[in-house]
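Shown next, in structure tokens, is the structure this report addresses.
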Amino acid sequence: SVIADRLSTFLGTGIYRFEGSNTVFIDPVRVLNRSYTRFRVSPSAYYSRFFQSKGPTGDSRVPNNSRKRKRKDKKTHALNLREQAADERHQKVKPLLLEAHGSFLGARDLLAVMETLSGGNEFSGKEWLQNVEQSFVELGSVWQAPLYEITLNYNQDDKPTHDGGSSCVNYGEQRVLPVFNNLVVNEAGSDVEAELLNNKYIIPKESGFFMSDLRQIHNLIPGSSLFDLLQNELQYIFILPAAVSDCGFNLIVIDPPWENSSAYQKMKYPTLPNRYLLSLPLKQFVHAKGALVALWVTNREKLRVFVEKELFPAWGVKYEATLYWLKVKADGSLISELDLFHHRPYECLLLGYCDGDIAYSKCLSRLRPVLHDQVFISVPGDYSRKPPVGELLWEYVPGPKPPRCLELFAREMIAGWTSWGNEPLHFQDSRYFLRG
Ligand code: SAM
């Protein structure tokens, strides 16, 4: 019955922990659904890439190209120094990944429900065709951008989560707010339907977004109203203020649009040169008691070296550990061969601590040491969409709990998080949701 318990926990939370191992299986749809009250994430839309669904975003690139890639990868050219270093890293982590995959394949209860993850075929191709997907990146870069407004339609039955304060809404109210360069927050305890240019978006409970070009972040001058808003006001919205000085974020997840990625990726979103990342004033958003910073990286050796030698030091982040996201298909097999040089079936999440005020920095050393070599397994969603792993990191976060969470370069929203990027509403489009 321990096994039955584990499965029922998974069905309720979307998280399956393997006994005696550092491995966790995640169903992002179930995890995300905990942010919603009246809507739910459409499993067939989420999983259109690796389940045999007829979704128009169904991406058959991986299987189609694999033969060609294999041939290319087998080409026996001598590895240059950087490739050797990358290969060394890979060889080191390989046993860990094989063991994690082995635990996963051994969990028969879990494998038995794998095929059900993508739901029935509630996928409405018609709705997808009718809705034209909004390009927020384009919309936000035209001169009219400041004029675009989003309408939040609060539900009659919504109950406020916190009383008092200026952030209280009258339920059943409609709110019209600038959508770009503005902090838009749903502080209610239930999700809200929003409208923007004839498209509908679902905003999770207790969440906010800031849609802007992060290259403009330096225009947020400390002391300016926008900066204050981001640093101070968020706490009134999500957590009752403990102390006035108690502001900033203590869990920060960053998935940058790294340059030098494939042409296919460039079609999907703009990339950002490293110098912009180096000048990101991360420290200004860190809580007084410090923050756990989680950074997604690709497997390119040059990038790993850049992060370890330049980016983390520039941000004042001390490297702690690497976690691995292992990608599987619906049948449980890896999405590509483990040894394919340029198409590894895993990605890395680098963790580090950023100190807050000096006075608190001792707290960090007393913090439970971050577990190295954790592996989380999931079936990937849309191209370069990461699984929501934030809550798996909670126990390593310094400062207040539940943590104040910030995601940079976000394309989706989660309850309790502020999503900042040039398209944080991307996956909030109502086409990714089902009612009830
Ligand atoms: N973690 C996301 C997910 O799971 O869906 C994927 C993030 S993707 C790697 C990078 C994002 O950064 C894209 O949405 C891209 O449009 C955005 N981006 C690119 N340049 C940006 C900029 N200058 N300011 C803000 N966002 C930017």
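Being hydrophobic (A, V, I, L, M, F, W, C), part of a strand (DSSP E or B) and touching a residue at least 40 places away in the same chain (Cβ under 8 Å) is a description that applies to ILE377. Residue count for segment 277-291 satisfying the condition of being assigned to a helix (DSSP H, G or I) and within 19 Å of GLU308 (Cβ to Cβ): 4.
Here is a check on your reading of the model: is GLY416 surrounded by 23 or more Cβ atoms within 10 Å (Cβ to Cβ) and under 15 Å from the mean Cα position of the chain (by Cα)? No. Scanning segment 293-343 for residues that are more than 17 Å from PRO387 (Cβ to Cβ) and of a type in the set (A, V, I, L, M) turns up VAL293, LEU303, VAL305, VAL307, LEU311, ALA314, VAL317, ALA321, LEU338, LEU340. When PRO380, PRO403 are checked against the criterion of being closer than 29 Å to LEU97 by Cβ, modelled with pLDDT of 90 or more and within 16 Å of the ligand (Cβ to nearest atom), PRO380 stands alone in meeting it. Taken over segment 21-46, residues that are within 18 Å of the chain's Cα centre (by Cα) and either closer than 29 Å to ASN155 by Cα or among the basic types (Lys, Arg) (or both) amount to 16.
Of all residues in segment 292-326, exactly one satisfies the criterion of being small (Gly, Ala, Ser) and assigned to a loop (DSSP other than H, G, I, E, B), namely GLY316.
Residue check: SER35 meets all listed conditions (1) surrounded by fewer than 21 Cβ atoms within 10 Å (Cβ to Cβ); (2) among the hydroxyl-bearing types (Ser, Thr, Tyr); (3) modelled with pLDDT of 95 or more but one, namely (1).
Would you be able to say whether some residue in segment 419-432 is in contact with a helix residue (DSSP H, G or I) (Cβ under 9 Å, 6 or more places away or on another chain) and either over 23 Å from VAL185 (Cα atoms) or without any contact (Cβ under 8 Å) to a residue 24 or more places away in the chain (or both)? No; the residues of segment 419-432 include none that is in contact with a helix residue (DSSP H, G or I) (Cβ under 9 Å, 6 or more places away or on another chain) and either over 23 Å from VAL185 (Cα atoms) or without any contact (Cβ under 8 Å) to a residue 24 or more places away in the chain (or both).
Residue under question is ALA410, and the condition is that it be under 24 Å from ASN186 (Cβ atoms), more than 14 Å from the ligand (Cβ to nearest atom) and at pLDDT 95 or above; does it hold?
no
Taking LEU323 as the residue in question, decide whether it is surrounded by 14 or more Cβ atoms within 10 Å (Cβ to Cβ), touching a residue at least 60 places away in the same chain (Cβ under 8 Å), among the aliphatic types (A, V, I, L, M) and closer than 24 Å to VAL24 by Cβ. The answer is yes for LEU323.
Residue-wise test of (1) closer than 30 Å to ARG431 by Cα; (2) more than 15 Å from the ligand (Cβ to nearest atom); (3) more than 19 Å from the chain's Cα centre (by Cα); (4) at pLDDT 65 or above.
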site	(1), (2), (3), (4)
VAL176	yes, yes, yes, yes
SER190	yes, yes, yes, yes
ASN199	yes, yes, yes, yes
GLY208	yes, yes, no, yes
ASN219	no, no, yes, yes
SER224	no, yes, yes, no
ALA243	no, yes, yes, no
ASN250	no, yes, no, yes
PRO270	yes, no, no, yes
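So in segment 413-436, with the set limited to residues that are aromatic (Phe, Trp, Tyr) and in contact with a Ser or Thr (Cβ under 8 Å, 6 or more places away or on another chain), which one is farthest from the ligand (Cβ to nearest atom)? It comes out as PHE433. If you go through segment 143-173 and keep only what is modelled with pLDDT of 90 or more and exposed (fewer than 12 other Cβ atoms within 10 Å of the Cβ), you end up with TRP143, GLN144, LEU147.
The values are calculated or read from the model by the stated rules, or taken from the named source; none is laboratory data. Computed from a predicted structure; not experimentally measured. Please note: Cβ atoms are built from the backbone with ideal geometry, for glycine as well, and neighbour counts cover all protein chains shown.
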